[in-house]
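Each remark here refers to the structure printed beneath this line.
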Amino acid sequence: SQTIHQWPATLVQPVGSPLSLECTVEGTSNPNLYWYRQAAGRGLQLLFYSVGIGQISSEVPQNLSASRPQDRQFILSSKKLLLSDSGFYLCAWSFRGPQIPYEQYFGPGTRLTVT
Amino acid sequence: AQSVAQPEDQVNVAEGNPLTVKCTYSVSGNPYLFWYVQYPNRGLQFLLKYITGDNLVKGSYGFEAEFNKSQTSFHLKKPSALVSDSALYFCAVRDRLAAGNKLTFGGGTRVLVKP
């Protein structure tokens, strides 16, 4: 079976500091990978998605970036955090296949507080 | 562009009563539709999806959803709610032509089941 991991679970960082959140998937190959941000316990905003190593699509302009150095590893980064970057960050994966409506499976999330 | 609306921020229901969470969608073609549930400080859990065929879809934990093409709706239902069903529920849609298996989520509906 497949498993998705995210770390850290919680993070408190000062404004202007760098950020690195990591997501890994086990038990599958060539997944699609996604980063979402959830503000105030409500709606999800898709930040980035990736259909393969080194292939990143950005959905929203911001001071965040994403990388996929390995097939099942997805990293969310920032060089300088803003207060508005606070939120609950969720990583998700799905099987790959453009014509098949695969559901996405979510990790446990990282709670980021920028102070 | 695809979009999802969940018109109710919160639904209150007594334990044992039927539960309905509403969702309407907008896509350019035929949709794929999904429901997820989120418990506090956790990732989203997949409940069910509609692809094609029977308009009534059965999912996890006794939930079901009814697809209505003429009303562009995909309401989530449970015949008898449990206190443990109290959570945040998200409807999501994918346009069949969307790249990367991307989903668009509604704003979420908080369900409170009272004993």
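What's the total number of residues in region A:1-37 that are closer than 14 Å to A:VAL114 by Cα, open to solvent by 40 Å² or more (accessible area, probe 1.4 Å), away from every other protein chain (no Cβ under 11 Å) and among the hydroxyl-bearing types (Ser, Thr, Tyr)?
Residues in region A:1-37 being closer than 14 Å to A:VAL114 by Cα, open to solvent by 40 Å² or more (accessible area, probe 1.4 Å), away from every other protein chain (no Cβ under 11 Å) and among the hydroxyl-bearing types (Ser, Thr, Tyr): 1 in total.
Within region B:81-89, does at least one residue satisfy the condition of being modelled with pLDDT under 95, outside any loop (DSSP other than H, G, I, E, B) and under 22 Å from A:GLN104 (Cβ atoms)?
No: zero hits.
If a residue counts only when it is within 14 Å of chain B (Cβ to nearest Cβ), which strands (runs of 3 or more DSSP E) contained entirely in region A:38-115 have at least 2 such residues?
A:44-52, A:55-58, A:64-70, A:87-94, A:110-114
Out of (1) more than 14 Å from chain A (Cβ to nearest Cβ); (2) under 16 Å from the mean Cα position of the chain (by Cα); (3) exposed (fewer than 13 other Cβ atoms within 10 Å of the Cβ), what's the single condition that is false for B:LYS22?
With respect to (1) more than 14 Å from chain A (Cβ to nearest Cβ); (2) under 16 Å from the mean Cα position of the chain (by Cα); (3) exposed (fewer than 13 other Cβ atoms within 10 Å of the Cβ), B:LYS22 is out only on (3).
Return the pairs, sorted by first residue and then second, in which the second residue is in a loop (DSSP other than H, G, I, E, B) and buried (at least 17 other Cβ atoms within 10 Å of the Cβ), the first residue lies in region B:43-57 and is within 9 Å of chain A (Cβ to nearest Cβ) and without any contact (Cβ under 8 Å) to a residue 12 or more places away in the chain, the beta carbons are less than 6 Å apart, and the residues are 6+ apart or on different chains.
That search, which allows pairs on different chains as well, returns B:GLY43/A:GLY107; B:GLY43/A:GLY109.
Return the residue satisfying two criteria in turn: it lies in region A:80-91 and is under 16 Å from the mean Cα position of the chain (by Cα) and of a type outside the set (Gly, Ala, Ser), and of such residues it is farthest from A:THR115 (Cα to Cα).
Looking at residues that are under 16 Å from the mean Cα position of the chain (by Cα) and of a type outside the set (Gly, Ala, Ser), I get A:CYS91.
Residue-by-condition table, conditions (1) charged (D, E, K, R); (2) open to solvent by 50 Å² or more (accessible area, probe 1.4 Å):
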position: B:ASN41; (1), (2): no, yes
position: B:ASP54; (1), (2): yes, yes
position: B:LEU76; (1), (2): no, no
position: B:PRO79; (1), (2): no, yes
position: B:TYR89; (1), (2): no, no
position: B:LEU103; (1), (2): no, no
position: B:GLY106; (1), (2): no, no
position: B:LYS114; (1), (2): yes, yes
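Which of the numbered conditions does A:ARG68 fail, given that it passes all the others? Conditions: (1) open to solvent by less than 30 Å² (accessible area, probe 1.4 Å); (2) closer than 15 Å to A:LEU90 by Cα; (3) charged (D, E, K, R).
(2)
Could you please let me know if B:VAL21 is farther than 17 Å from B:ARG96 by Cα and touching a residue at least 60 places away in the same chain (Cβ under 8 Å)?
For B:VAL21, the condition - farther than 17 Å from B:ARG96 by Cα and touching a residue at least 60 places away in the same chain (Cβ under 8 Å) - is met.
Which residues, counting only those in region B:65-74, are open to solvent by 40 Å² or more (accessible area, probe 1.4 Å) and assigned to a strand (DSSP E or B)?
Selection gives B:GLU66, B:ASN68.
Just need a number here: residues in region B:90-115 that are polar (S, T, N, Q) and in a strand (DSSP E or B).
Counting residues in region B:90-115 that are polar (S, T, N, Q) and in a strand (DSSP E or B) gives 2.
Scan region B:7-19 for residues that are over 15 Å from B:LYS77 (Cβ atoms) and either open to solvent by less than 50 Å² (accessible area, probe 1.4 Å) or in contact with a Gly (Cβ under 7 Å, 6 or more places away or on another chain) (or both) and jot them down.
B:ALA14
The values are calculated or read from the model by the stated rules, or taken from the named source; none is laboratory data. These numbers were taken from a predicted model, which means no experiment stands behind them. Because the Cβ atoms are built from the backbone with ideal geometry, glycine has one as well, and the counts that use them run over all protein chains shown. Protein only, heavy atoms only, side chains kept; ligands, DNA and RNA dropped before computing areas. Shrake-Rupley method; radii C 1.70, N 1.55, O 1.52, S 1.80 Å.
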